[in-house]
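These notes are about the structure you will find just below.
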Amino acid sequence: MLYFKLPVNSTIALVKPECHMAEEFFLLVRKNKEHLETFLDFVAFTNVVKDSEHFIARSIKQEAEQKEVVLFILDNTKIIGCIDLHNINTTHKKAEIGYWLDYDYNGKNIMTECVKCLTDIAFNNLKLNKLVIVAEETNIASNQVAKKSGFHFDGVDREDIYRQHHFVNLNRYSLLKSEYQKAKKD
């Protein structure tokens with residue numbers, strides 16, 4: 001039985017990671033290694049199930065400290081991805097959203113629905129005022145999710161990170177609570 005489960009649609013739900021999910025999560029990361037490592041650094045450090053156990057334990061601790069909220073994405077009972085609020089700043093009432101999805105589930109609008117669901121939590125439950133999504137310029141799918149989720153394109157952070165032997169540009173998107181509330185009314 002899951003401690004926390006938030007339905008996104010009839011088959012997709014967001015759940016808090018639990019220790020018993022570590023092996024399934026690890027296998028999903030390994031299955032998607034080639035797909036994910038282009039854009040996400042953590043993949044290189046996920047080599048054994050214990051790494052996923054540590055990730056889950058750290059996520060639980062970070063949530064208790066109000067620093068992040070990590071949720072696994074389920075299709076019925078199968079883990080298909082992860083979404084989070086990180087760099088939560090309770091003083092300035094802002095956070096960043098990060099996400100990834102099993103390659104087999106891309107193109108089905110799942111992540112956009114999950115981002116909208118997490119946005120609801122961030123603004124209504126956590127009382128944040130601003131959310132940010134940062135996506136590599138070349139990550140077309142992630143940029144599309146930000147746009148389809150109603151985020152505003154703020155600009156490009158040029159050569160912002162060094163990944164796979166070269167600097168990459170990051171597109172920065174944001175959504176303010178006032179914009180979110182206006183869109184909900186329309």
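Might you report the magnitude of the Cβ-based charge dipole of the chain about its Cα centre, with Lys and Arg at +1 and Asp and Glu at -1, to the nearest 20 debye?
Roughly 700 debye for the chain.
Express the Stokes-Einstein translational diffusion coefficient of region 134-186 in µm² s⁻¹, to the nearest whole number, given a Kirkwood radius over alpha-carbon pairs, 20 °C and a viscosity of 1.002 mPa s.
178
What ranking do 115-124, 47-56 get when scored by the average of other Cβ atoms within 10 Å per residue, highest first?
115-124, 47-56
List the GluC sites (Glu not before Pro) in region 61-113 that DSSP assigns to loop (not H, G, I, E or B) and whose Cβ has at most 15 other Cβ atoms within 10 Å. Which are they?
Listed in order of number, the matching sites are 65.
For residue 182, list the lysines whose Cα falls under 20 Å from its own Cα; do not include residues on the same chain fewer than 8 positions away.
In chain and number order, the partners are 93, 94, 116, 127, 130, 147, 148.
Looking only at the chain, where both bridge partners belong to it, what percent of the DSSP beta bridges are antiparallel (to the nearest 5)?
90
Compare the Cα positions of 52, 66, 10 along the charge dipole of region 1-78 (+1 at Cβ of Lys, Arg; -1 at Cβ of Asp, Glu; about the Cα centre) and return the one farthest towards the positive end.
About the Cα centre, the residue reaching furthest to the positive side is 10.
What do you get for Rg/Rh over the chain if you use C-alpha atoms and the Kirkwood form of Rh?
Taking Rh as the inverse mean 1/r over Cα pairs, Rg/Rh reads 0.94.
For the ranges 128-138, 20-30, what's the packing order if you count other beta-carbon atoms within 10 Å of each residue, average per peptide, and put the highest first?
128-138, 20-30
Send over a whole-number figure in Å² for the accessible area per residue of the chain, probe 1.4 Å.
56
Over all alpha-carbon pairs in region 82-182, figure out the percentage whose distance exceeds 19 Å.
42
Counting only protein heavy atoms and a 1.4 Å probe, tell me what percentage of the chain's accessible area is made up of carbon and sulfur.
52
The values are calculated or read from the model by the stated rules, or taken from the named source; none is laboratory data. These figures come from a predicted structure and were not determined experimentally. Reconstructed Cβ throughout: ideal geometry from the backbone, glycine too, with neighbour counts over all protein chains shown. Only protein heavy atoms, including side chains, enter the accessible area calculation; ligands, DNA and RNA are left aside. Shrake-Rupley method; radii C 1.70, N 1.55, O 1.52, S 1.80 Å.
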